[in-house]
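What follows is a short report on a single structure.
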Amino acid sequence: MRHMETMRWVDGCLEILDQTLLPGKTEYIKCEHYTTICDAIRRLSVRGAPAIGAAAAYGLALGAASLSPAGKAEFVSAIEQIARELCDTRPTAINLQWAVDRMLQLLHEQTTDSVEVLKETLLAAAHAIYREDLASNRRIGEFGEKLIPPNVSILTHCNAGALATAGFGTALGVIRAAHQAGKNIHVYADETRPLLQGARLTAWELMQDNIPVTLLTDNMAGYLMACGKVDLVIVGADRITANGDVANKIGTYSVAVLAKEHGLPFYVAAPMSTFDLNLAGGQEIPIENRDEREVTHFAGHPVAPAGVKVWNPAFDVTPHPLVTAIITDRGVARPPYTKTLPALVDK
Ligand SMILES: CSC[C@H]1O[C@H](OP(=O)(O)O)[C@H](O)[C@@H]1O
């Protein structure tokens, strides 16, 4: 994608590309206070597992900059409170907790009593998290590109692209790397109801890079496969447990079942920051439930009768038997994931 930054640190503030306005408008939210970042994460102005991790890291750095504590103990206590508020914004993507925990661990390791040095340390750590994610995505692309045939049609779900990360993308990173390697790629993008990350973001990203993309509604994926138009599926992830179960955008599980039915490879692309090996299986992953208006309204207009009951989980869990391989920034893991994932994570 022509370098449209998901977020950028400018003059002591975080500017966040407001993804709720894409593809129609390209506007940045100037975050001068960490609570603005919390709101941006909640409303999906910034979204995508690695991207919200990076945004939360910058939220901690921004919060730290605003403090005028009496001393180190008060500073650390205030940072721990800000960390809790950031982690409370969205529960499913482990990257958010991972980034905040990494920042807190670094803070607790510092021996200096200088609050100014601690503030600088936190900002440097946030920059590192952002930079490292971009590098991770490029490595995911390198490993994943080797799995992609020279002429291929790929179905993807939601947006696991540059907009969901610090850049380049995870699932779309593999697609970008294969395209840049000269392979003949055609992408089918699920629109991804109810918030349309596929239609609004993936289709837009791929068109920016001149990668052929066809948009479909979610309920078309099965028939597309039945018509023999899909060679493989690749998606991102928000949390992957020790047995290889994958939490990802709602609708991913349905696509995985369809891929199995049609004998198609189902790949998941994710950096190490998405793995939660403390959880044995997907049943332990907290699934975010979101506002019913996301389902009952479309572009602000009601599409359902007032008062109708709504179920709106933002994610589902794909059981590991449906996952052909997991493409990471340290290599490709294949079943049995209980053995192959720890080997990669501990690499
Ligand atoms: C690169 S992982 C992106 C991952 O996050 C998305 O969820 P959301 O748009 O709600 O943040 C979706 O699950 C993507 O696969």
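The values are calculated or read from the model by the stated rules, or taken from the named source; none is laboratory data. What you are looking at is a predicted structure, and each value in this text was computed from that prediction instead of being measured. Positions of Cβ are generated from backbone atoms using ideal geometry, with glycine treated the same way; all protein chains shown enter the neighbour counts. Keep in mind that these areas ignore ligands, DNA and RNA; they rest on the heavy atoms of the full protein, side chains included. Shrake-Rupley method; radii C 1.70, N 1.55, O 1.52, S 1.80 Å.
Taken together, 15, 27, 85, 32 contain a single residue that is out of contact with any helix residue (DSSP H, G or I) (no Cβ under 9 Å at 6 or more places or on another chain), open to solvent by 10 Å² or more (accessible area, probe 1.4 Å), touching a residue at least 12 places away in the same chain (Cβ under 8 Å) and farther than 18 Å from residue 160 by Cα, which is 15.
The number of residues in the range 290-347 that are in contact (Cβ under 8 Å) with a residue 40 or more places away in the chain, on the phi < 0 side of the Ramachandran plot and small (Gly, Ala, Ser) comes to 3.
Is at least one residue of the range 66-79 basic (Lys, Arg) and touching a residue at least 60 places away in the same chain (Cβ under 8 Å)? Looking for residues that are basic (Lys, Arg) and touching a residue at least 60 places away in the same chain (Cβ under 8 Å), one finds none in the range 66-79, hence no. If the condition is being crowded, with 23+ Cβ neighbours inside 10 Å and hydroxyl-bearing (Ser, Thr, Tyr), then the range 252-266 contributes only 252. Any residue at all in the range 219-237 that is part of a helix (DSSP H, G or I), open to solvent by 20 Å² or more (accessible area, probe 1.4 Å) and within 16 Å of the ligand (Cβ to nearest atom)? No, the range 219-237 contains no residue that is part of a helix (DSSP H, G or I), open to solvent by 20 Å² or more (accessible area, probe 1.4 Å) and within 16 Å of the ligand (Cβ to nearest atom). Note on the range 169-205: residues that are part of a helix (DSSP H, G or I), touching a residue at least 40 places away in the same chain (Cβ under 8 Å) and more than 18 Å from residue 149 (Cβ to Cβ) total 8. Determine whether the range 81-90 contains at least one residue that is away from the ligand (no atom under 16 Å from the Cβ) and of a type in the set (A, V, I, L, M, F, W, C). There is at least one residue in the range 81-90 that is away from the ligand (no atom under 16 Å from the Cβ) and of a type in the set (A, V, I, L, M, F, W, C). Within the set 134, 195, 206, the sole residue that is farther than 17 Å from residue 266 by Cα, within 16 Å of the ligand (Cβ to nearest atom) and open to solvent by less than 40 Å² (accessible area, probe 1.4 Å) turns out to be 206. Within this structure, residue 63 fails the test of being assigned by TED's automatic domain parsing to the domain that holds residue 206 and either without any contact (Cβ under 8 Å) to a residue 24 or more places away in the chain or part of a helix (DSSP H, G or I) (or both). Residue 152 meets each of the listed conditions (1) at negative phi; (2) assigned by TED's automatic domain parsing to the domain that holds residue 222; (3) of a type in the set (A, V, I, L, M, F, W, C); (4) surrounded by 23 or more Cβ atoms within 10 Å (Cβ to Cβ) apart from (4). For the range 115-157, the set of residues classified as of a type in the set (S, T, N, Q) and either closer than 30 Å to residue 220 by Cβ or in contact with a Lys or Arg (Cβ under 8 Å, 6 or more places away or on another chain) (or both) consists of 137, 151, 153, 156, listed by residue number. A count restricted to the range 115-134 and to residues that are touching a residue at least 40 places away in the same chain (Cβ under 8 Å) and either more than 25 Å from the chain's Cα centre (by Cα) or within 18 Å of residue 330 (Cα to Cα) (or both) stands at 6. Across the range 267-305, the qualifying residues are those that are more than 16 Å from the ligand (Cβ to nearest atom) and crowded, with 17+ Cβ neighbours inside 10 Å, and the one among them that is farthest from residue 326 (Cα to Cα) is 296. Scanning the range 322-343 for residues that are open to solvent by less than 20 Å² (accessible area, probe 1.4 Å) and under 14 Å from residue 237 (Cβ atoms) yields a count of 9.
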